[in-house]
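Remarks on the structure that follows.
Read the figures in this text as sums done on the coordinates, not as results from a lab. Keep in mind it's a predicted model, so treat the numbers as computed, not measured. Methodologically, a virtual Cβ is constructed for each residue, glycine included, from the backbone with ideal geometry; neighbour enumeration extends over all protein chains shown.
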Amino acid sequence: MTTLHLIELSCPVCARSFRSQTVVATNGFGGKRTDFHERAAGMQPLPYFVHLCTQCGYAGVTRDFGDEVELTDLIRTRVWSELGPALRHALPSGSLKYEHAARVAEWMGQDARYLADLYLRAAWCCVDEGDVEAERYFRRHAAWRFAEALDAWDGVPAEERAVITYLVGELWRRVGDDVQAQTWFDRVEDEVTEPSAQAWVLEVAAQQKLAPREWFT
Ligand SMILES: [Zn+2]
């Protein structure tokens with residue numbers, strides 16, 4: 001069950017005060033997909049880890065609404081002109097909230113790994129929203145950002161490189177690009193730093209390459 005509670009937020013772009021729901025607790029997980037998307041029992045908590053100002057379109061996690069947030073005039077302008085209009089013809093769904101949070105995070109110069117996580121969560125929301133086209137769009141963005149993080153000198157800690165490499169393969173598999181998927185699954189072996197602890201990553205990469213499953217057992 002997912003437990004939510006209301007918090008008061010003040011938008012750093014348009015100064016609007018509003019209330020938003022946030023996740024207090026989740027339990028009773030109903031399994032995990034092979035892209036690490038956890039399924040909660042009952043209502044899915046994912047959309048409530050990010051908040052959106054429906055007046056200007058600014059979005060982020062709770063700290064992005066804190067007093068210490070400093071935004072440049074350019075970012076404010078871009079929020080109004082590039083994010084605000086989307087609210088006229090789309091409901092503030094979970095995926096839209098994560099997409100806006102990712103765009104803001106990008107303008108603020110956040111690293112590729114952080115952006116990748118936001119796009120991945122946008123894709124997961126699309127699964128729950130039943131929007132296959134948008135799901136693929138966000139999976140691609142997540143895959144590109146994770147790949148960028150792997151390319152950066154310190155974008156991903158050494159002990160996480162194997163699992164992120166696997167995840168990029170799994171994202172491409174779920175997009176339907178089997179060629180890219182296989183290439184990434186094949187790279188996992190070279191990224192393993194602790195053979196016994198990471199044996200499961202090699203196993204799941206081999207499985208997803210040859211006989212893919214949608215859920216971890
Ligand atoms: Zn606002």
How large is the charge dipole for region 147-209, taken about the Cα centre, if only the Cβ atoms of Lys, Arg (+1) and Asp, Glu (-1) carry charge, to the nearest 20 debye? 260
Shape descriptors of region 1-64 over alpha-carbon atoms, Rg and Dmax in angstrom, are 13.8, 41
Angle between the Cα long axis of helix 94-107 and the longest principal axis of the chain, 0 to 90 degrees, nearest 10? 90
Hey, if you drop one equal point scatterer on each alpha-carbon of region 80-129 and run the Debye formula without solvent, what base-10 log of I(q)/I(0) do you get at q = 0.14, 0.31 Å⁻¹? -0.35, -1.12
Compactness summary of region 62-109: radius of gyration and Dmax from Cα atoms, Å, are 11.1, 32
Relative to the chain, whose Cα atoms define the longest principal axis, helix 199-210 and its Cα axis are tilted in degrees, nearest 10, by 90
Output the Kirkwood hydrodynamic radius of region 2-156, Cα pairs only, in Å rounded to one decimal. 16.1
GluC sites (Glu not before Pro) restricted to DSSP loop in region 68-150 with at most 14 other C-beta within 10 Å: Glu68, Glu70
Equivalent-ellipsoid semi-axes (√(5λ), Cα gyration tensor) for region 161-211, whole Å, largest first? 18, 10, 8
Under a plain spin-label model, where a point goes 7 Å from the Cα along Cα-to-Cβ, how far apart in nm are Glu70 and Arg16? 2.7
Here the residues of region 27-46 lying in the modelled label zone of Arg213, meaning backbone nitrogen under 19 Å from a point 7 Å along Cα-to-Cβ, are 29-40
Could you let me know the centre-to-centre spacing of region 35-75 and region 149-217, using Cα atoms, in angstrom? 28
Computed over the chain: longest principal axis from alpha-carbon atoms vs helix 178-191 long axis, angle to nearest 10 degrees, is 80
Ranked from fewest to most other Cβ atoms within 10 Å of their own Cβ, His141, His51 fall in the order His141, His51
